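Here is the structure we will look at.
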Amino acid sequence: MSISPVAEQYLRLALRFNKYQEGVVDAYYGKALAIKPQIDEEALVPLADLHRNAEEILAALSADTSDRASYLKRQTVALRTMIEKKQGAKISYRDEARLCLGIDDIPKYDEPPFIEAMKELDHLLAGTGTVSDRFVLWRKPFELQGEELSPVIDAMMREAKARTETLFALPENDVEVSLVRDKPWAGYHWYHGEYRSLYELNIDVPLPVWGVLHTTTHEAFCGHHTEAILKEKFLVNDSGYEEFTVNLLGAPCSLISEGLAEAAQNIILTNGLGNESEAVARWITSHEYLHHRTFTENDARILAVLETIGRKPVVNAALMLHEENMPEAEVLAFLKRSSPSEETLHRRTIARLQDTDYPAYMLTYPLGKEKILNELSHSNNKPETFFEIAKQADYKFHD
């Protein structure tokens, strides 16, 4: 059986459902771009018909065990689940994470390591007041503002691209950078096809030097932009897999995509071999001529503690909200004692975890990164494995 007609059905299903859940089609180009004007002119297709379309796609693929079919099945199951939610179905948080994002298990992390990390920060951060208060005061001098951002981002983009191109064979490509406001995220990657992207950085979010470095590697090189151009090159252009001309938000591809993007900084700075926080500290120190901030050994130790915490508290907060039905005030208290930040940012995290359409999406960052780093731990050539994950239709991970 040829998968191509089924792939076109999948594209049409995604674009039609996007009328109900705007933004679920996060990017489209090529075949999807050609189809979209037809879909835009159509009358709204009833959800029941879209659900039936999803079932037809799954039935057509049922006997196919290829990697291509496996990818399409998982993506279509996610679309079917989102359609069912729009129809009023009640789906548990774990089931939604599994069906929509391919997260088979959501761990509950032990709290004591977070508390120990906060105690260490209490020791490292000077001054009086809460750990979060002192953390914000410590971070403030490292934040980049206005015209300071451009030369630093330019250097980061230039060096990250050069490093990526020494690791991977890339087609000629381009990333435009834009500073924006009033967005619910720190940074965003918009893929336009033909190996072109827009990287938006939200300047309403505090932007310390290391935060700009992480966001740049995450959104551009060798994160989202790099993955997108590899998939267009190897899957769409070389193999004719036109289903990859749409990128869905909140589907299993998101777990892998965010995992790759979260691991990108490690690949860029250490080849996947070294201590990430130490490498970030070295980058900050060696580029003082650009950002004009002195970064001490104590600052590096603080950064190392922050890395041990990471985004893991978000996973616990999600389970507290959705499985344990804890009040927001208790979840906020947990985030405050587990991770240093402004209360406004903790509240933003809670709001994102309560998003109607994508309540589990924030899990993709810590759990996706864990998945990718675990896979890299089995590899003798970590950049090559990273490259293979990014360019394959359905990479087979180690258990």
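Just so you know, all these numbers are worked out from the coordinates, no wet-lab data involved. It should be emphasised that the depicted structure is a prediction, and the values quoted were computed from it without experimental measurement. Virtual Cβ from ideal backbone geometry, glycine too; neighbours counted across all protein chains shown.
In table form, for the structure just shown:
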{"read-out": "Calculated [θ] (222 nm, deg cm²/dmol) that DSSP helices of n ≥ 4 give over the chain, each run adding -39,500 (n - 2.57)", "value": "-18500 deg cm²/dmol"}
{"read-out": "The chain, dipole about Cα centre (Lys/Arg Cβ +1, Asp/Glu Cβ -1), debye to the nearest 20", "value": "300"}
{"read-out": "Long-range HN-HN contacts of A220 with modeled amide H, under 5 Å", "value": "H225"}
{"read-out": "3J(HN,Hα) from dihedral phi, region 194-204, Karplus parametrisation 6.51/-1.76/1.60, rounded to Hz, x for glycine, proline", "value": "6, 6, 10, 9, 10, 10, 9, 10, 7, 7, 7"}
{"read-out": "Summed residue charge, Cβ within 11 Å of P206's Cβ, Lys/Arg positive, Asp/Glu negative", "value": "-1"}
{"read-out": "For region 136-178 and region 375-390, distance of Cα centres in Å", "value": "24"}
{"read-out": "Cα convex hull volume per residue for region 73-123 (Å³)", "value": "106"}
{"read-out": "J(HN,Hα) series, region 217-232, from Karplus relation 6.51 cos²θ - 1.76 cosθ + 1.60, nearest Hz, glycine and proline x", "value": "5, 5, 7, 10, 10, 9, x, 4, 4, 5, 4, 4, 6, 5, 5, 5"}
{"read-out": "Peptides ranked, highest mean first, by Cβ atoms within 10 Å: ranges 335-347, 250-262", "value": "250-262, 335-347"}
{"read-out": "Relative contact order, percent, the chain [alpha-carbon distance under 8 Å, six or more residues apart]", "value": "22"}
{"read-out": "Shape of region 4-90, Cα gyration tensor, a/c cut at 1.5", "value": "oblate"}
{"read-out": "Karplus-derived 3J(HN,Hα), 6.51/-1.76/1.60, for each residue of region 36-52, Hz, glycine and proline x", "value": "4, x, 5, 5, 4, 7, 5, 5, 4, 7, x, 4, 4, 5, 5, 4, 5"}
{"read-out": "Environment charge at L13 (Cβ cut-off 12 Å; Lys +1, Arg +1, Asp -1, Glu -1)", "value": "0"}
{"read-out": "Neighbour net charge for N173 - beta-carbon separation under 13 angstrom, K R +1, D E -1", "value": "-3"}
{"read-out": "For L248, distant residues with modelled amide H under 5 Å away", "value": "D26"}
